[in-house]
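Enquirer: First the structure, then my questions, so here it is.
The values are calculated or read from the model by the stated rules, or taken from the named source; none is laboratory data. These numbers come from a predicted model, not from an experiment. Backbone-built Cβ (ideal geometry, glycine too); neighbour counts: all protein chains shown. SASA here: full protein model, heavy atoms, side chains in, ligands and nucleic acids out. Shrake-Rupley method; radii C 1.70, N 1.55, O 1.52, S 1.80 Å.
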Amino acid sequence: MIKITALSATLSLLLAIGTAEARVSGGVADRTSPDRVRVTWTSSTPVDVYMASTPDAPRDKMKLVSDDDRDGQFEWGADLLSRPYFLLVDTRDGHGTRVAERVLPLTQGSNFRDIGGYSTADGRTVRWGQIYRSGATPTLTDEDMEKIRNLKLAEMVDLRSSDERVLAPTRIEGVPYSAVGYSMTALSLGGKPGIPAMEAVYRGFPDLLAPQLRVLFASLLRHDGPVVYNCSAGQDRTGFATALILRALGVPMETVLADYHLSTTYRRPEYEMPKLTPELIAANPGAAIYAQYQRDPKYLKPQPLKDATGQSYLTFALDEIDRRWGSVDAYLQAEAGVGPAEMARLRKLYLE
């Protein structure tokens, strides 16, 4: 009996190892042209590829678009307005991995992207199509707005100052909109004595953005549907908020930083602020800052989000949280109303 039990355990272990090796990994979806999406992955066994226009469609409601696929890639002729979501199913064990494009392909948008698909430390995955981050959206085309309508957003949380929202009002319509007003000068763009400007800005985020984070996390916890949040560039304030969301969901810091630095790749400054008129500049204190940026060639070329030593700006904000609150969890409980019960609900809602 002991020998049989040991043999059974050994066979179970071997099967488990074989299954783990067979599972799909490294799934990525990228748009290769305006109407083509390529999905690539790694697997030691053939894969069936399913597609749907909703992020959480069950397999029996999805369309089989490629079966017994052995070359690790598939290209889909995408509807220009509908966002495709793919399910890669290992043919040996039936395990499915969901994949979607990271960035919404907007003609005149900046940094509008999905934070789904990231793995957590305990092996779960952030759900696609539920949480979006973005830059400002004042110059969207009609087609862009149709793509966004198809996301069926439940709420938009704007992290920008009162000045910025006046200068560059969003074109997204029909979505409940939340914002907490503050002055552009509160960002401390001039820095502080002995502290570089961007370090000062980031170290100020935990205090400056606490009211906005309370609104944002309340929206996520209501879970009326997908949520989008934004600032002007979709990288600094939005990057800080995203880091807290991903850390709350259990995503490792290495992944959080990688997502943060994608903002340099996907930012398009020319679509974040309309051309400012002298009248707007005279009427709005924050306009002068953006007018200066628009005259500077560097404004149209996104800069790496690091200081001269290579340190990510985001780490200054997180260091400030650790120094003053002890941890991200403690900060979220104290400043955003996200305690253990709310943290557990977030993970139940947004992880699979």
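Enquirer: Report the extension gain between Ser44 and Ala282 in nm, rounded to one decimal, defined as 0.36 nm multiplied by the number of residues separating them, less their alpha carbon distance.
Expert: Numbers: separation 238, 0.36 × 238 = 85.68 nm, distance 6.30 nm.
So the chain would gain 79.4 nm between Ser44 and Ala282.
Enquirer: Okay, next question. For the range 36-152, restrict the atom set to alpha-carbon positions and state the Rg and Dmax in Å.
Expert: Rg and Dmax of the range 36-152, Cα atoms, are 15.1, 48 Å.
Enquirer: How large is ³J(HN,Hα) for each residue in the range 50-58, as worked out from phi by the Karplus curve 6.51 cos²θ - 1.76 cosθ + 1.60 (θ = phi - 60°), to whole Hz, x for Gly and Pro?
Expert: 10, 9, 8, 9, 10, x, 10, 4, x
Enquirer: Sticking with this one: Using the Karplus equation 6.51 cos²θ - 1.76 cosθ + 1.60 (θ = phi - 60°), what ³J(HN,Hα) coupling, rounded to whole Hz, does each residue of the range 247-254 give in order, writing x for Gly and Pro?
Expert: 5, 4, 7, x, 6, x, 4, 4
Enquirer: So for the range 84-189, averaging the separation of alpha carbon pairs under 8 Å that are six or more residues apart and normalising by length, what relative contact order in percent results?
Expert: Relative contact order here is 19 percent.
Enquirer: Okay, next question. Express the relative contact order of the chain as a whole percentage, based on alpha carbon pairs under 8 Å and six or more residues apart in sequence.
Expert: Here the relative contact order equals 16 percent.
Enquirer: For the chain, state the semi-axes of the equivalent ellipsoid (square roots of 5 times the eigenvalues of the alpha-carbon gyration tensor), sorted largest first and rounded to whole angstrom.
Expert: Ellipsoid half-lengths, sorted descending, are 39, 25, 18 Å.
Enquirer: Quick check on my link table: of Lys301/Lys348; Lys63/Lys152; Lys63/Lys147; Lys63/Lys301; Lys61/Lys348, which ones sit more than 29 Å apart, alpha carbon to alpha carbon?
Expert: Cα-Cα > 29 Å for Lys301/Lys348; Lys63/Lys301; rest within.
Enquirer: Give the relative contact order (percent, whole number) for the range 133-180; include only Cα pairs under 8 Å separated by 6+ residues. Before the final figure, lay out the partial values.
Expert: On the way: 40 pairs, mean separation 25.1, N = 48.
So the answer I get is 52 percent.
Enquirer: Sorted by accessible area with a 1.4 angstrom probe, largest first, how do Arg23, Arg323 fall?
Expert: Final ranking, largest accessible area leading: Arg323, Arg23.
Enquirer: How much FRET efficiency would the formula 1/(1 + (r/R0)^6) give for Lys61 and His223, where r is the Cβ-Cβ distance and R0 is 25 Å, rounded to 0.05?
Expert: 0.75
Enquirer: Hey, got a sec? Which trypsin sites (Lys or Arg not before Pro) in the range 138-235 land in a DSSP loop and have at most 14 other Cβ atoms within 10 Å?
Expert: Details: sites: Lys147, Arg149, Lys152, Arg160, Arg165, Arg171, Arg203, Arg214, Arg222; in loops: Lys152, Arg160, Arg171.
Those that pass, being in a loop and sparsely packed, are Lys152.
Enquirer: Calculate one ³J(HN,Hα) per residue across the range 76-92 by plugging θ = phi - 60° into the Karplus curve 6.51 cos²θ - 1.76 cosθ + 1.60, and present them in order as whole Hz with x for glycine and proline.
Expert: 10, x, 8, 4, 5, 9, 8, 8, x, 10, 10, 10, 9, 10, 5, 6, 7
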